[in-house]
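Peer 1: For reference, the structure I am asking about is given below.
The values are calculated or read from the model by the stated rules, or taken from the named source; none is laboratory data. Nothing here was measured: the structure is a model prediction, and the numbers come from that model. Cβ atoms come from the backbone with ideal geometry, glycine included; neighbour counts cover every protein chain shown. SASA here: full protein model, heavy atoms, side chains in, ligands and nucleic acids out. Shrake-Rupley method; radii C 1.70, N 1.55, O 1.52, S 1.80 Å.
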Amino acid sequence: MILELDCGNSFIKWRVLCADVRRVFREGVVDSDDALLEGLSKLDGLALKHCRLVSVRTTEETAALASILMQAFGVSVVCATPAREMAGVRNGYDEFERLGLDRWLAMLGGFHLASGACLVLDFGTAVTADFIAADGEHLGGFICPGMPLMRNQLRTHTRKIRYGDLAAERALESLAPGRTTVEAVERGCSLMLRGFVLTQLELARSYWGDEFVVFLTGGDAPLVSGIVPEARLVPDLIFVGLAMACPLS
Ligand SMILES: Nc1ncnc2c1ncn2[C@@H]1O[C@H](COP(=O)(O)OP(=O)(O)OP(=O)(O)O)[C@@H](O)[C@H]1O
Ligand SMILES: CC(C)(CO)[C@@H](O)C(=O)NCCC(=O)O
Ligand SMILES: [K+]
């Protein structure tokens, strides 16, 4: 079995692939290294042989997690590393090693699945957009605050914006102008995300006409999927790229 990890800024997304790697044995989302260890050690029938991971955390944090996993499960851990070029995609950053590895892997996955020009949109703690042309050239991208950051900035920097998670979830059942604080904030931020998406689509069209594929990934992708019906919602896009960047013999 292979353990795969996507270590983001807020959560660790994990999954265990069966020996036949087309099947997922178990998967989950946790908010700390400890919770990951606890969750994994509770799995019946877990027999890990390999582990591969991508992290946007510091080198120290990533090394610490890798060493915990090696100790706990006796597996070697392979970490995705930056590259100037891979699987036909050319990193467009001036300093390629500074491009977030989650973005890089999502780009590799997207270009592979599209076999052509694509726009990759990831809705996590941050929201990112990346443009990959049909010849594999990465034109660059955009980074902006995601839903959790936008909402927390408002909560932190105002006195009177306070509400719980359940109310937030309910508020998003419609996008009509809010009549309560929670509706006004949640719907406002949701519209910001949608506006961002529409702008990215316009830019992609100006480059490639209709000849491109849009990929949506990340925990908050469902908030915008309705406005891009033609997009491919691929929750595990980073894992698709991870398997490409870290093949296991
Ligand atoms: N099962 C879940 N667990 C945690 N967050 C979830 C879940 N389902 C949806 N979400 C939403 O996804 C968002 C987090 O996105 P995601 O997990 O893709 O990224 P992240 O780890 O926070 O950050 P990064 O972009 O650095 O990977 C949160 O806003 C949260 O509301
Ligand atoms: C932008 C995030 C936070 C998205 O998860 C991550 O990709 C990251 O930390 N990137 C490094 C900065 C950059 O990509 O330019
Ligand atoms: K991510």
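Peer 1: Considering only the range 140-174, state which residues are open to solvent by less than 30 Å² (accessible area, probe 1.4 Å), part of a helix (DSSP H, G or I) and closer than 21 Å to residue 8 by Cα.
Peer 2: 147, 150
Peer 1: Continuing with this model, one more query. May I ask you to verify whether residue 212 is away from ligand 1 (no atom under 15 Å from the Cβ), open to solvent by less than 70 Å² (accessible area, probe 1.4 Å) and modelled with pLDDT of 95 or more? First the steps, then the outcome.
Peer 2: Values: away from ligand 1 (no atom under 15 Å from the Cβ): yes; open to solvent by less than 70 Å² (accessible area, probe 1.4 Å): yes; modelled with pLDDT of 95 or more: yes.
Spelling it out, residue 212 is indeed away from ligand 1 (no atom under 15 Å from the Cβ), open to solvent by less than 70 Å² (accessible area, probe 1.4 Å) and modelled with pLDDT of 95 or more.
Peer 1: Within the range 217-247, track down each residue that is in contact with a Lys or Arg (Cβ under 7 Å, 6 or more places away or on another chain) and not in a helix (DSSP H, G or I).
Peer 2: 224, 246, listed by residue number.
Every residue, every condition in (1) open to solvent by 60 Å² or more (accessible area, probe 1.4 Å); (2) among the charged types (D, E, K, R), yes or no:
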| residue | (1), (2) |
| --- | --- |
| 33 | no, yes |
| 38 | yes, yes |
| 49 | yes, yes |
| 58 | yes, no |
| 71 | yes, no |
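Peer 1: A further question on this structure: Within the range 89-108, how many residues turn out to be within 16 Å of ligand 3 (Cβ to nearest atom) and of a type in the set (Phe, Trp, Tyr)?
Peer 2: Counting residues in the range 89-108 that are within 16 Å of ligand 3 (Cβ to nearest atom) and of a type in the set (Phe, Trp, Tyr) gives 1.
Peer 1: Restricting attention to the range 175-209, and to residues there that are of a type in the set (A, V, I, L, M, F, W, C) and within 27 Å of residue 113 (Cβ to Cβ), which single residue is surrounded by the most Cβ atoms within 10 Å (Cβ to Cβ)? So that I can check it myself, show each step before the final result.
Peer 2: So in the range 175-209, the residues of a type in the set (A, V, I, L, M, F, W, C) come out as 175-176, 182, 184-185, 189, 191-193, 196-198, 201, 203-204, 208.
Filter once more, keeping what is within 27 Å of residue 113 (Cβ to Cβ): 193, 196-198, 201, 203-204, 208.
Working: 193: 22, 196: 17, 197: 24, 198: 13, 201: 19, 203: 15, 204: 21, 208: 17.
This residue is 197.
Peer 1: List, please: which pairs have Cβ atoms under 9 Å, are six or more places apart or on different chains, and start with a residue in the range 109-132 that is within 16 Å of ligand 3 (Cβ to nearest atom) and in a loop (DSSP other than H, G, I, E, B) and end with one that is open to solvent by less than 10 Å² (accessible area, probe 1.4 Å) and polar (S, T, N, Q)?
Peer 2: 124/217
Peer 1: For residues that are under 14 Å from the mean Cα position of the chain (by Cα) and of a type in the set (Gly, Ala, Ser), scanning just the range 1-19, find the one that is least open to solvent (accessible area, probe 1.4 Å).
Peer 2: Among those that are under 14 Å from the mean Cα position of the chain (by Cα) and of a type in the set (Gly, Ala, Ser), it is 8.
Peer 1: Which number in (1) open to solvent by less than 60 Å² (accessible area, probe 1.4 Å); (2) within 16 Å of ligand 2 (Cβ to nearest atom); (3) out of contact with any Phe, Trp or Tyr (no Cβ under 8 Å at 6 or more places or on another chain) marks the one condition that residue 128 misses?
Peer 2: Residue 128 satisfies every listed condition except (3).
Peer 1: Among the listed residues 182, 213, 240, 234, which satisfies the condition of being farther than 14 Å from residue 127 by Cβ and touching a Ser or Thr at 6+ places or on another chain (Cβ under 6 Å)?
Peer 2: Numbers: 182 fails: touching a Ser or Thr at 6+ places or on another chain (Cβ under 6 Å); 213 fails: touching a Ser or Thr at 6+ places or on another chain (Cβ under 6 Å); 240 fails: touching a Ser or Thr at 6+ places or on another chain (Cβ under 6 Å).
Result of the check over 182, 213, 240, 234: 234.
Peer 1: What pairs come up if the first residue lies in the range 1-19 and is over 13 Å from residue 55 (Cβ atoms) and in a strand (DSSP E or B), the second is within 16 Å of ligand 3 (Cβ to nearest atom) and open to solvent by 40 Å² or more (accessible area, probe 1.4 Å), and their beta carbons are under 7 Å apart, counting only those six or more places apart or on different chains?
Peer 2: Correct list of pairs: 15/27.
Peer 1: Specify which of the listed residues (55, 67) is of a type in the set (S, T, N, Q) and more than 17 Å from the chain's Cα centre (by Cα). Outline the logic, then answer.
Peer 2: Values: 55 fails: more than 17 Å from the chain's Cα centre (by Cα).
Checking each option against the conditions leaves just 67.
Peer 1: Let me ask something else. Keeping to the range 224-244, report how many residues are hydrophobic (A, V, I, L, M, F, W, C), open to solvent by 30 Å² or more (accessible area, probe 1.4 Å) and within 15 Å of ligand 3 (Cβ to nearest atom).
Peer 2: Start the filter on the range 224-244 by keeping residues that are hydrophobic (A, V, I, L, M, F, W, C), which leaves 224, 227-228, 231, 233-234, 237-240, 242-244.
After this cut, where a residue has to be open to solvent by 30 Å² or more (accessible area, probe 1.4 Å) as well, the list is 227, 233, 240, 243-244.
Still in the running and within 15 Å of ligand 3 (Cβ to nearest atom): 233, 240.
Number of matching residues: 2.
Peer 1: Residue under question is residue 22, and the condition is that it be charged (D, E, K, R), surrounded by fewer than 13 Cβ atoms within 10 Å (Cβ to Cβ) and assigned by the TED database to the domain that holds residue 125; does it hold? Walk me through how you get there before you give the answer.
Peer 2: On the way: charged (D, E, K, R): yes; surrounded by fewer than 13 Cβ atoms within 10 Å (Cβ to Cβ): yes; assigned by the TED database to the domain that holds residue 125: no.
Answer is no for this residue.
Peer 1: Under 9 Å between Cβ atoms, which residue pairs at least 6 apart in sequence (or on different chains) link something in the range 209-227 that is closer than 13 Å to residue 109 by Cβ with a partner that is open to solvent by 50 Å² or more (accessible area, probe 1.4 Å) and more than 16 Å from ligand 3 (Cβ to nearest atom)?
Peer 2: Here the result reads 213/113; 213/115; 213/230; 213/232; 215/113; 215/232; 216/232, each pair linking the range 209-227 to a residue that is open to solvent by 50 Å² or more (accessible area, probe 1.4 Å) and more than 16 Å from ligand 3 (Cβ to nearest atom).
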